[in-house]
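The values are calculated or read from the model by the stated rules, or taken from the named source; none is laboratory data. No experiment lies behind these values; they were computed from the predicted model shown. Please note: Cβ atoms are built from the backbone with ideal geometry, for glycine as well, and neighbour counts cover all protein chains shown. For accessibility, only protein heavy atoms count, side chains too; no ligands or nucleic acids. Shrake-Rupley method; radii C 1.70, N 1.55, O 1.52, S 1.80 Å.
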Amino acid sequence: YLDQITFYVCCLRSCYTIFSVLSQSTTKLFIDGKFVESKSPEWLDIHNPATNEVIGRVPKATHEEMLAAVDSCSRAYHTWSETSILARQQIFLRYQQLIKDNIKELAKLITLEQGKTLADAEGDVFRGLQVVEHTCSITSLMLGETLPSITKDMDTYTFRMPIGVCAGIAPFNFPAMIPLWMFPMGMVCGNTYLLKPSERVPGCAMMLAKLLQDAGAPDGTLNIIHGQHDAVNFICDHPAIKAISFVGSNQAGEYIYERGSKNGKRVQSNMGAKNHGVVMPDANKENTLNQLVGAAFGAAGQRCMALSTAVLVGEARNWLPELVERAKGLRVNAGDQPGADVGPLISPQAKERVNSLIQSGVDEGAKVLLDGRNVKVKGYENGNFVGPTIVSNVTPDMKCYKEEIFGPVLVVLEADSLDDAIKIVNKNPYGNGTAIFTTNGAAARKYTHEVDVGQIGVNVPIPVPLPMFSFTGSRASFRGDTNFYGKQGIQFYTQIKTVTSQWKAEDASLKSPAVTMPT
Ligand code: NAD
């Protein structure tokens with residue numbers, strides 16, 4: 001009987017597995033106002049990073065589906081670009097309210113697919129929501145310029161006009177904020193939008209699309225395709241797409257910038273980072289250590305503005321033991337568990353890469369003061385967890401300093417003076433963000449003026465600008481010449497028409513042809 005029972009148990013198990021595979025949700029495409037199932041033969045699994053269980057599947061959209069999405073954008077552009085600016089503003093006013101009303105649901109989805117803690121996931125939505133709120137000022141943001149009487153009876157004025165179909169390619173680490181940097185800015189200016197979310201976290205973008213539809217966005221104004229390289233190449237090559245916003249790694253961002261620009265498109269590429277926190281010995285110790293720990297290990301270090309490198313100046317090097325104590329206090333757990341501070345990394349490959357970069361530091365002579373490589377999380381033994389890790393005695397030639405780690409790892413360098421610290425920061429190729437911790441105004445001013453980094457915090461560890469400013473990462477962290485959101489975002493998504501007009505009284509008309517250049 002035992003064999004028979006084993007046989008039946010096996011059958012039941014297979015039935016259960018098949019049932020659970022079939023019942024796993026599939027991510028839809030959003031084409032022409034409809035959420036449609038892809039006909040693609042190629043699908044990717046979506047995992048919960050805290051357990052590595054498969055929680056859904058996302059298609060690699062077929063060529064025909066991608067064409068249908070762009071065609072829908074192109075058709076919708078004719079009417080959307082002519083829609084009154086007040087009508088577009090009303091849609092985004094409703095949209096910001098719908099996002100607010102659904103912030104908890106969006107956050108749950110982010111935690112499930114991306115892993116970050118629920119509180120942090122709400123922050124992710126909130127920072128994107130602020131951009132949507134800012135789009136509601138479009139009636140002021142899109143104003144042109146006028147100059148009357150540039151010569152007799154002649155006035156010049158400019159219009160800001162939309163540019164056409166725009167596209168966004170998003171990374172995994174901010175499933176709400178970064179798509180919300182993209183399509184609301186593009187659309188409110190009168191463009192239509194094709195979005196390709198990260199294939200690892202597509203759910204949140206789909207919910208954002210549904211809310212936008214509920215807010216009244218007409219069919220075709222936003223289309224969503226899924227996929228990887230083919231979808232990216234399609235976006236870079238399709239002639240109807242006039243502009244591409246990309247956020248992600250340097251490898252992809254450089255490639256997209258080159259390929260898109262060669263095809264005559266505007267491209268803005270926000271890419272990787274290595275952000276330094278310079279700690280002066282006169283800094284407020286309590287505040288500084290807490291800020292450093294929060295900014296290095298929050299979101300498991302998977303933020304492009306994470307403070308992943310500390311530069312301790314002079315006597316501040318003696319603060320290391322206390323820094324380690326504070327980092328030890330953080331709780332590593334699944335993002336939906338109460339009290340979790342540090343969630344899992346996105347994938348087992350990301351975990352392996354982070355662990356190997358820590359090991360490379362050890363091999364090159366650095367010291368691991370706090371080692372999160374063997375962290376165990378009860379009930380989530382299969383998750384991609386790495387605990388807070390602090391690596392000291394790091395020098396600029398080490399691999400763990402040169403590469404973006406993108407995990408909960410703080411590498412620590414030492415400097416004898418502020419000048420030496422500035423040299424270190426400026427020698428690093430990335431220019432996304434940095435912070436100085438000091439109580440000395442002159443040191444802060446010197447740092448902000450001499451450091452070649454696009455976003456600087458003074459006693460502020462993650463200086464991501466609010467949307468009335470722009471996200472101004474620089475050097476190897478950015479390709480393009482017009483940044484994301486704020487005034488620069490409006491510039492990116494509009495082109496200028498300049499009108500020069502002359503209205504003369506009938507009797508002042510020219511008596512003969514004017515063949516010389518008008519002066
Ligand atoms: P990623 O580059 O792997 O993926 C980003 C997007 O590009 C995805 O949609 C993906 O499908 C696509 N893609 C990936 N590899 C590609 C390739 N070889 N060719 C063409 N397309 C490709 O980035 P990620 O891992 O999702 O995100 C993490 C990276 O994003 C980090 O480097 C981080 O610093 C960076 N980031 C930068 C900012 C910023 O504002 N500077 C913000 C967030 C994240």
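Tabulated values for the structure
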item: Selected residue (criterion: nearest to residue 297 (Cα to Cα)) from residues of segment 237-258 that are open to solvent by 10 Å² or more (accessible area, probe 1.4 Å) and more than 9 Å from the ligand (Cβ to nearest atom); result: 254
item: Qualifying residue in segment 301-313 (condition: open to solvent by less than 60 Å² (accessible area, probe 1.4 Å) and more than 28 Å from residue 249 (Cβ to Cβ)); result: yes
item: Residues located in segment 454-474, provided they are open to solvent by less than 60 Å² (accessible area, probe 1.4 Å) and touching a residue at least 24 places away in the same chain (Cβ under 8 Å); result: 454, 455, 457, 459, 461, 462, 463, 464, 467, 471, 473, 474
item: Pick from segment 137-175, criterion out of contact with any strand residue (DSSP E or B) (no Cβ under 7 Å at 6 or more places or on another chain) and among the polar types (S, T, N, Q), ranking: nearest to residue 112 (Cα to Cα); result: 173
item: Matching residues in segment 47-70 - criterion: being surrounded by fewer than 17 Cβ atoms within 10 Å (Cβ to Cβ) and among the acidic types (Asp, Glu); result: 53, 64
item: Within segment 307-332, tally of residues that are without any contact (Cβ under 8 Å) to a residue 60 or more places away in the chain, out of contact with any Phe, Trp or Tyr (no Cβ under 7 Å at 6 or more places or on another chain) and part of a loop (DSSP other than H, G, I, E, B); result: 2
item: Tally of residues being closer than 15 Å to residue 168 by Cβ, touching an Asp or Glu at 6+ places or on another chain (Cβ under 9 Å) and within 15 Å of the ligand (Cβ to nearest atom) across segment 199-229; result: 6
item: Enumerated helices (runs of 4 or more DSSP H) restricted to segment 110-223, each holding at least 2 residues that are within 22 Å of the chain's Cα centre (by Cα) and under 30 Å from residue 348 (Cβ atoms); result: 118-135, 177-188, 203-214
item: Breaking point among (1) touching a residue at least 40 places away in the same chain (Cβ under 8 Å); (2) part of a helix (DSSP H, G or I), for residue 286; result: (1)
item: Test result for residue 299, part of a helix (DSSP H, G or I), within 23 Å of residue 351 (Cα to Cα), out of contact with any strand residue (DSSP E or B) (no Cβ under 7 Å at 6 or more places or on another chain) and within 13 Å of the ligand (Cβ to nearest atom); result: yes
item: Residue satisfying condition, being open to solvent by 10 Å² or more (accessible area, probe 1.4 Å) and out of contact with any Leu (no Cβ under 6 Å at 6 or more places or on another chain), within set 139, 156, 221; result: 139
item: Given (1) open to solvent by 30 Å² or more (accessible area, probe 1.4 Å); (2) more than 20 Å from residue 327 (Cβ to Cβ), number of the condition residue 451 does not satisfy; result: (1)
item: Hits in segment 151-203 - residues which are in contact with a Ser or Thr (Cβ under 7 Å, 6 or more places away or on another chain), β-branched (Val, Ile, Thr) and over 22 Å from residue 234 (Cα atoms); result: 156, 158, 188
item: Residue match in segment 476-494 (condition: part of a strand (DSSP E or B), away from the ligand (no atom under 16 Å from the Cβ), of a type outside the set (Phe, Trp, Tyr) and closer than 29 Å to residue 257 by Cα); result: yes
item: Any hit, segment 269-286, residues being open to solvent by 10 Å² or more (accessible area, probe 1.4 Å) and either within 25 Å of residue 166 (Cα to Cα) or within 9 Å of the ligand (Cβ to nearest atom) (or both); result: no
item: Search result, residues across segment 471-490 that are in contact with a Pro (Cβ under 7 Å, 6 or more places away or on another chain) and among the aliphatic types (A, V, I, L, M); result: 476
item: Residue selected from segment 373-387 under the condition under 23 Å from residue 292 (Cα atoms) and open to solvent by 10 Å² or more (accessible area, probe 1.4 Å), by the criterion modelled with the lowest pLDDT; result: 374
item: Tally, over segment 416-448, of residues that are touching a Gly at 6+ places or on another chain (Cβ under 8 Å), surrounded by 20 or more Cβ atoms within 10 Å (Cβ to Cβ), closer than 21 Å to residue 318 by Cβ and of a type in the set (Gly, Ala, Ser); result: 1
